[in-house]
């Protein structure tokens, strides 16, 4: 099935986890895809593996914390695709810290990548998105919907992504551009290990997470990617400003 045949898609955070699975799924369903990430080797390997004749996947390396890199990669994506129909803002980091020990530098870094980068890229792609019109899907988190201890900067950044989603959706609605977000619970990716959890602590975290998600398990990147593709598809043409949990019911529970 080629739901996205002829569509031009940009996915950030495309070298791992949810972004990687979403990029592959868009390619599989006929889209022309620009993958943005920091891992050059992974970008090149995936682009080579997924490209079809007449449908090349374009890998673009960029550190989205850097405003100049964002400006450059946005223009390179537009040049490569000739426009953009779907923007998936999946790049992000998590960090551990409380109101007492979160440093200003950690806070600033979290906000720059998790909030400012999606805003900046969306802003840069708006003229192209208006042409079809297209849509934006932001990757948020259950921590944007509910508060949890120990991830202060991350939770605030994802709450900001949710509000960015709603505000942008309202402002762009008259142009027909839709903006939505997915809010995953715990998903098995490299996110938490990148933030500092070793294998033992990560395994314990996943085991505990089975008890905190009402459906009794953690999620997979493909399950989140499926929702991203739905929100980007014509089947969701009357959905905008939504922040949609995909979390095994985690947003329904109290902290434990």
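Quick look at the values:
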| read-out | value |
| --- | --- |
| Residue match in segment 149-167 (condition: buried (at least 21 other Cβ atoms within 10 Å of the Cβ), modelled with pLDDT of 95 or more, over 16 Å from the mean Cα position of the chain (by Cα) and more than 30 Å from residue 84 (Cβ to Cβ)) | yes |
| Which numbered condition residue 80 misses (of (1) within 21 Å of residue 136 (Cα to Cα); (2) surrounded by fewer than 24 Cβ atoms within 10 Å (Cβ to Cβ); (3) in contact (Cβ under 8 Å) with a residue 40 or more places away in the chain; (4) touching a helix residue (DSSP H, G or I) at 6+ places or on another chain (Cβ under 9 Å)) | (4) |
| Cβ-Cβ under 7 Å pairs, at least 6 apart or on other chains, segment 202-213 side modelled with pLDDT of 85 or more, far side part of a helix (DSSP H, G or I) | 212/250; 213/250 |
| Residue match in segment 37-54 (condition: in contact with a helix residue (DSSP H, G or I) (Cβ under 9 Å, 6 or more places away or on another chain) and crowded, with 24+ Cβ neighbours inside 10 Å) | yes |
| From 27, 33, 10, residue being part of a helix (DSSP H, G or I), at pLDDT 95 or above, touching a helix residue (DSSP H, G or I) at 6+ places or on another chain (Cβ under 6 Å) and buried (at least 23 other Cβ atoms within 10 Å of the Cβ) | 27 |
| Residue count, segment 176-212 (criterion: more than 18 Å from the chain's Cα centre (by Cα) and surrounded by 14 or more Cβ atoms within 10 Å (Cβ to Cβ)) | 7 |
| Filter result for residue 60 (within 18 Å of the chain's Cα centre (by Cα), under 24 Å from residue 177 (Cβ atoms) and in a loop (DSSP other than H, G, I, E, B)) | no |
| Of all residues making up segment 167-192, the number that are assigned to a helix (DSSP H, G or I) and over 22 Å from residue 255 (Cα atoms) | 9 |
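The values are calculated or read from the model by the stated rules, or taken from the named source; none is laboratory data. Since the model is a prediction, treat every value here as computed from it, not as a measurement. When we count neighbours, we look across all protein chains shown, and the Cβ atoms used for this are built from the backbone with ideal geometry, even at glycine.
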